[in-house]
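Working notes for the structure below.
Nothing in this text is a laboratory measurement; each read-out follows from the coordinates by a stated rule. Keep in mind it's a predicted model, so treat the numbers as computed, not measured. No Cβ is skipped: glycine too gets one built from the backbone with ideal geometry, and neighbour counts run over all protein chains shown.
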Number of protein chains: 2
Amino acid sequence: MRRVVVVGGVAGGMSAAARLRRLDESAQIVVLERGGEVSFANCGLPYHVGGEIPHRDALLLHTPDSLESSLDLDVRVHHDVRSIDREGRTVTARDLVHDVDVVLPYDALVLATGADPIVPPLPGLDRPQVRTLRTVPDADVLRAMLAAGAQKAVVIGAGFIGLETVEAFRRRGLDVTLVEMAPQVLPAIDAEMAALVEAELRLHHVDVRVGTGFAAVEDSTTDHPVDVVLADGSRLAADVVLLGVGVKPSTALARDAGLELSDRGAVVVTADQRTSDPSIWAVGDAIQVIDAVTGVPGVVPLAGPANRQGRTAADSILGRARTSQPVLGTAVVKVFGLTAAVTGPTSRRLTAAGVEHHVVHLHPGSHAGYYPGAKPVHLVLLFTPEGRVLGAQAVGKDGVDKRIDVIATALRAGMTVDDLAELELAYAPPFGSAKDPVNMAGFMAQNILDGTLRAWGPDDLDGFGDDVLLLDVRSEVEVEGGHLPGSYNVPHTELRDHLDDVRQAAAGRPVRVLCASGFRSYLAHRVLAQNGFDSASLDGGLMTLRAQRP
Amino acid sequence: MRRVVVVGGVAGGMSAAARLRRLDESAQIVVLERGGEVSFANCGLPYHVGGEIPHRDALLLHTPDSLESSLDLDVRVHHDVRSIDREGRTVTARDLVHDVDVVLPYDALVLATGADPIVPPLPGLDRPQVRTLRTVPDADVLRAMLAAGAQKAVVIGAGFIGLETVEAFRRRGLDVTLVEMAPQVLPAIDAEMAALVEAELRLHHVDVRVGTGFAAVEDSTTDHPVDVVLADGSRLAADVVLLGVGVKPSTALARDAGLELSDRGAVVVTADQRTSDPSIWAVGDAIQVIDAVTGVPGVVPLAGPANRQGRTAADSILGRARTSQPVLGTAVVKVFGLTAAVTGPTSRRLTAAGVEHHVVHLHPGSHAGYYPGAKPVHLVLLFTPEGRVLGAQAVGKDGVDKRIDVIATALRAGMTVDDLAELELAYAPPFGSAKDPVNMAGFMAQNILDGTLRAWGPDDLDGFGDDVLLLDVRSEVEVEGGHLPGSYNVPHTELRDHLDDVRQAAAGRPVRVLCASGFRSYLAHRVLAQNGFDSASLDGGLMTLRAQRP
Ligand SMILES: Cc1cc2nc3c(=O)[nH]c(=O)nc-3n(C[C@H](O)[C@H](O)[C@H](O)COP(=O)(O)OP(=O)(O)OC[C@H]3O[C@@H](n4cnc5c(N)ncnc54)[C@H](O)[C@@H]3O)c2cc1C
Ligand SMILES: Cc1cc2nc3c(=O)[nH]c(=O)nc-3n(C[C@H](O)[C@H](O)[C@H](O)COP(=O)(O)OP(=O)(O)OC[C@H]3O[C@@H](n4cnc5c(N)ncnc54)[C@H](O)[C@@H]3O)c2cc1C
Ligand SMILES: CC(C)(COP(=O)(O)OP(=O)(O)OC[C@H]1O[C@@H](n2cnc3c(N)ncnc32)[C@H](O)[C@@H]1OP(=O)(O)O)[C@@H](O)C(=O)NCCC(=O)NCCS
Ligand SMILES: CC(C)(COP(=O)(O)OP(=O)(O)OC[C@H]1O[C@@H](n2cnc3c(N)ncnc32)[C@H](O)[C@@H]1OP(=O)(O)O)[C@@H](O)C(=O)NCCC(=O)NCCS
């Protein structure tokens, strides 16, 4: 009889245990969990704080009892695993209720110990008003603080969990200040996309402080219990402070047992989830993964990979040849009425990894414009000079997750922009367009690569000075509503009749065309380029420019 | 200067013309359109009839004027092309307004003549109450009939356009009877999926008559203007009769010019959209396409392919090496509150084409069950014995188009079910699950292929008689609410304690397990199989069984 011990009873661990049982009815499977809950919906915690998920029980997908009856798992909560004896193949756990040690032998050990919220070494973070959100009891505490009348919240960190908690707090009526050290919110996406999210936060009366370090939590100078002190010296009164500056792999156990860890403290595993000890597997937030695009090792603390790695580990323990794929980092977050999603590395990360790439920005409708309710999908596609898809990000009110899922699938398949152009996606007016946003991104990328579309971007603006003609091809009405200084206006519908005027205005200088989205300036660019102008079209139009340079 | 003539000024034709202009500023591009409108949203017509799109103008994406000013296209409406002189490279069009012939020379000719509604040779179809829906004037007429007080509608044909028109009529308050000769609605999807659509139609008080031929339209026996007579002799009083029994390629022009046509009258083209005459290209509903999965030639009258083929034709005319992909037939339709979508062939078509395949049915939530608003996604995945994805269909209230688009992308990439299992899709509670429905379908398919999951289906039920034990592993409460005759109940949570009872009840017979969705019966099957039983689990559970055998 195979003895399997699983440490950590949530996403990765319990997925491994459940799959193991399905494949091996006779194994002895013990799951040891430090906390009081297993199989809980970590990802639902912010929504429980915010009240969309009113009942705490809804977060508990399983209990030890239900896991026993349905999967014959021996699940022990309040059991903190303290050490692994790799030679003797035992783990020692502290039974926190009875305060005794329990020693369990294993043939196979699965480490699914997750991650711990990062708590920077700054003064005052041990105050009771400063909280993190990782477990059900964490949510309980936050709910209790809200119930007790908290009015002012400071959220430190504008990542996924930070943003979800901001929304939860606003939903409960709190004044919220969001503090982020990076120059943008949501560092998992590129700046011009994040700007749209920031606007949505402000629209919902969140006081957003980006590019602002946070220094300490101190005694109050108001009638709220603490002051959050920022690096710029400003003080924010707060009843509750949520620390959401990221997580780090929870691998003290693995480290003490001498398993190979990465620089960043993540457990190093093979594609079948095995650690440097062939009897020990590791999964989830605790492990190092390989970025599918850049090949760079890192950590991707997300539930999908954790769940699937758990399943792979179970198969691997039973000798089934199943491997996990490198990670794309596909992720999505709802921020009030907006959705932001990403697959693959950002342009920033590609640049850091030295991967040469192009980008195109576009703003197509979530579905056919003539059918009511279409909303813009702000989309950026990244691809190599050879046309291979590298990643994408999207922000909008509708249809965002769909486009990113399609591109995530294309990315996994190693597709090119030609393939995107030819994708055959489901179209009827309520759902998409005959030329879906993903096709459209493919078309634009093809045009970039074969020179049909020559693009310029916001960064070029700095270099311009007087040595180019900025040609705004929007309608006069649009131009009156605001335009770039010094730009010359010819509506694209009148361009062919005014080529001489443009030539005169350009006076030999290159022409840099722009419009609202990049579509009309593309049409104009084609006219100009074929009439001998040195022209280029503003990628993503003023919508992207204004997001990038507010 | 290159002279290009395009026949047909809507999806495929105008896409070709627009792309041509962008690539070749100097070409002379003439678009000839028989009707009075170009670039109109065919796909929006039912929604204009139904009133969701109240303004007719919204359907007109362009006018000849706007195409002239923006793309320098010479667009001539009310020009019916009557013949092609392939040797002399001219087309002759009838100017329907001035009633004169116009002869136009071409270097390249694009045929984008679309398709015509099929009108079966049955008596009475020439009555004014009998309509088809293909053009803006068609919609005008239907709206006029509704405005004039039509109360009773009969829709013949339960395909995409038939169903959309049913909804439009119901929305406008008409009594609607839907008549379909096939034994199911929506023949583009498999019967058990279509049953869900049929239920939605009935829920919205549509009188659905499937498996019923339609014989004639006759003089009225009521105070509504006509009677629709069905093959079974029944008579349906009607103010308006909508014929939606499909379309056929509109290729009289191509045929008369001696271009190669398929058996079904579609223009045969190469991958770069060239016809048997190297100076003539053809795109859209008029052409034959190759099914990407079965390799079988056919027609796929959908807007996405038409638009993309138009673009490919333009590139090909200009000598750019671009080819269209074989067609998957990805399609989607909204039917009241439900969405139905498909990519790739149905199981029925695969069987007809002799393609061996497996199916799995599942009913996962559109997003995490603990977050409010999740709705079941009824999903069927089709795959080869080697694991290659062949197609999928989905029906549900939310998240249906997304899953089909993901699988359409996987299908295009030639992915396997292992790849689906490892897709990394965007997950946060409002959008999906850590194990997305597509992953889940991949897991199940893996289990089928490696024998972990042995499935039985509704069709097996007939052969069963007393020679198997039907084991229902739902809870007692669920069983009390309705169960299969003769089934034996042991809740899956109690199975391990009642193996002896099951053994006794089985008395050596195979055990066929079932539950509501197939998940619990899979768990039970794993227990039974590993305890020596000959067992199998009902694919898709009672939900699929009841859909298949109402
Ligand atoms: C608030 C929040 C929102 C999130 N939202 C999303 C989202 O929308 N989408 C998404 O993809 N991901 C989301 N995540 C991340 C996702 O929950 C994690 O990636 C996933 O749970 C990781 O699974 P895991 O099994 O590695 O770790 P966990 O699920 O965290 O489980 C690890 C368990 O191990 C236990 N443990 C650790 N050490 C020991 C020990 N020595 N002995 C015994 N037990 C131990 C811990 O108590 C913990 O319960 C969110 C996370 C949080 C906290
Ligand atoms: C009511 C309705 C709803 C639809 N809904 C959807 C949907 O939701 N999703 C989807 O993908 N597809 C849908 N379609 C199908 C889609 O509209 C077609 O596949 C697409 O328009 C085909 O493009 P095409 O260019 O081949 O033909 P069309 O767009 O039909 O254009 C052909 C044009 O050629 C003209 N023409 C023909 N012969 C001549 C001639 N000899 N001289 C001059 N002109 C000529 C015709 O008048 C016509 O305007 C729908 C169609 C209809 C009618
Ligand atoms: C729920 C939990 C215990 C895992 O259980 P699980 O049984 O592996 O996962 P699911 O309930 O999703 O079921 C998946 C299994 O059911 C099978 N299945 C699903 N629907 C099926 C159907 N209709 N018919 C047959 N099989 C089906 C799948 O094939 C899969 O089995 P396999 O892995 O043996 O192939 C574990 O994931 C967990 O604790 N989750 C909560 C924590 C978490 O995930 N947090 C992060 C997100 S908030
Ligand atoms: C609209 C219509 C005239 C085609 O025009 P089109 O210009 O090819 O199509 P779109 O307006 O969608 O624009 C697509 C082009 O803009 C480009 N584009 C789109 N957004 C862009 C942006 N932000 N920046 C740069 N280029 C952009 C694309 O790359 C593509 O150009 P390409 O083909 O040269 O690569 C034609 O499709 C039509 O008549 N449609 C109505 C009928 C119809 O489709 N019916 C069926 C569905 S209801």
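Rounded to whole numbers, the Karplus 3J(HN,Hα) couplings from phi for segment B:545-550 are 4, 5, 5, 6, 10, x Hz, using 6.51 cos²θ - 1.76 cosθ + 1.60 with θ = phi - 60°, and x at Gly and Pro.
Normalised Debye scattering of segment B:2-54 at q = 0.15, 0.30 Å⁻¹ gives log10 I(q)/I(0) of -0.50, -1.11, counting only Cα atoms as equal scatterers and leaving out solvent. With θ taken as phi - 60° and the Karplus curve 6.51 cos²θ - 1.76 cosθ + 1.60 applied, the whole-hertz 3J(HN,Hα) list for segment B:240-251 is 9, 10, 9, 8, x, 9, x, 10, 10, x, 8, 10 Hz, x standing for glycine and proline. The local environment of residue B:75, defined by Cβ-Cβ distances under 9 Å, has a net charge of -3 under the rule Lys, Arg +1 and Asp, Glu -1. Remark on segment A:170-284: Rg and Dmax equal 19.8, 57 Å (Cα only). Projected over all directions and averaged, the alpha-carbon convex hull of segment A:139-205 occupies 4.3 nm².
Computed over segment B:87-186, the quotient of the alpha carbon radius of gyration and 2.2 N^0.38 Å is 1.48. Taking a point 7 Å from the Cα of residue B:464 along the Cα-to-Cβ direction, the residues of segment B:532-550 with backbone N closer than 18 Å to it are B:533-550. Counting only the Cα atoms, the protein assembly as shown fills a convex hull of 189 Å³ per residue. On the beta carbon distance between residue B:96 and residue B:318, with R0 = 35 Å, the FRET formula returns roughly 0.65. For the listed residue pairs A:375/B:397; A:397/A:435; B:152/B:402, the alpha carbons are over 31 angstrom apart in B:152/B:402.
Mind checking the dipole of segment A:400-476: about its Cα centre, +1 per Lys or Arg Cβ, -1 per Asp or Glu Cβ, Debye to the nearest 20? Before the final figure, lay out each step's value.
Numbers: 6 positive and 15 negative charges, 87 e Å.
Using Cβ point charges on Lys, Arg, Asp and Glu, segment A:400-476 gives about 420 debye.
Panel values: chain B, Kirkwood radius from alpha carbon pairs, Stokes-Einstein at 4 °C and 1.567 mPa s, translational diffusion coefficient 50 µm²/s. Taking the label point 7 Å along Cα→Cβ, residue A:126 and its counterparts in the other copies are spaced 9.6 nm apart, in ascending order. Averaging 1/r across all pairs of distinct Cα atoms in segment B:330-461 and inverting the result yields a Kirkwood radius of 14.9 Å.
Cα convex hull of segment A:442-550: how many Å³ per residue? If you can, show how the numbers build up before the last one.
Working: hull volume 10.9 nm³, N = 109.
Given the Cα convex hull of segment A:442-550, per-residue volume reads 100 Å³.
Other residues within the sphere of radius under 9 Å centred on the Cβ of residue A:488, judged by their own Cβ, net out at -2 (K and R +1, D and E -1). Over chain B, DSSP H runs of length four or greater, each weighted -39,500 (n - 2.57), average out per residue to a 222 nm ellipticity of -8500 deg cm²/dmol. With 5 Å bins beginning at zero, the pair-distance distribution over Cα atoms of segment B:431-497 amounts to 4, 13, 15, 15, 21, 19, 9, 2, 1, 0 %. If you take the alpha carbon atoms of segment B:313-395 and fit the smallest convex hull around them, that volume is 175 Å³ per residue.
Size of segment A:393-476 from its Cα atoms: along the principal axes, largest to smallest, the extents are 46, 32, 21 Å.
Under 5 Å between amide hydrogens, built in the peptide plane, is the criterion, and for residue B:6 it picks out B:30, B:31, B:32, B:110 among residues at least 5 positions away or on other chains. Counting only residues 5 or more places away or on other chains, whose amide H sits under 5 Å from the amide H of residue A:365 once H atoms are built in the peptide plane? Hits under the 5 Å cutoff: A:377. Note on residue B:85 and residue B:530: the model spin-label points, each 7 Å out from Cα along the C-beta direction, lie 8.1 nm apart. In this structure the amide hydrogen of residue A:427, modeled in the peptide plane, comes within under 5 Å of the amide hydrogens of B:332, none closer than 5 places in sequence on its chain. The phi-based Karplus calculation (6.51 cos²θ - 1.76 cosθ + 1.60; θ = phi - 60°) puts the 3J(HN,Hα) values of segment A:351-363 at 4, 4, 8, x, 8, 5, 7, 9, 10, 10, 10, 8, 9 Hz, whole numbers, x for Gly and Pro.
Projecting label points 7 angstrom from Cα along Cα→Cβ for residue A:122 and residue B:2 puts them 6.1 nm apart. Relative to its Kirkwood radius, the Cα radius of gyration of segment A:212-261 gives an Rg/Rh of 1.28. So how far, in whole Å, is the C-alpha centre of segment B:381-396 from the one of segment A:198-271? Centre-to-centre (Cα) distance: 44 Å. For residue A:248, no lysines have a Cα closer than 21 Å to its Cα, not counting residues fewer than 8 places off in the same chain.
Give me A:534, A:126 sorted ascending by neighbouring Cβ count inside 10 Å, so fewest comes first.
Ranked by crowding around the Cβ, least crowded first: A:126, A:534.
For segment B:21-114, averaging the sequence separation of C-alpha pairs within contact (under 8 Å, six or more residues apart) and dividing by the residue count gives a relative contact order of 26 percent. As an exercise, use a Förster radius of 22 Å and the Cβ-Cβ distance of residue B:107 and residue A:501 to find the FRET efficiency, rounded to the nearest 0.05. After rounding, the FRET efficiency stands at 0.10.
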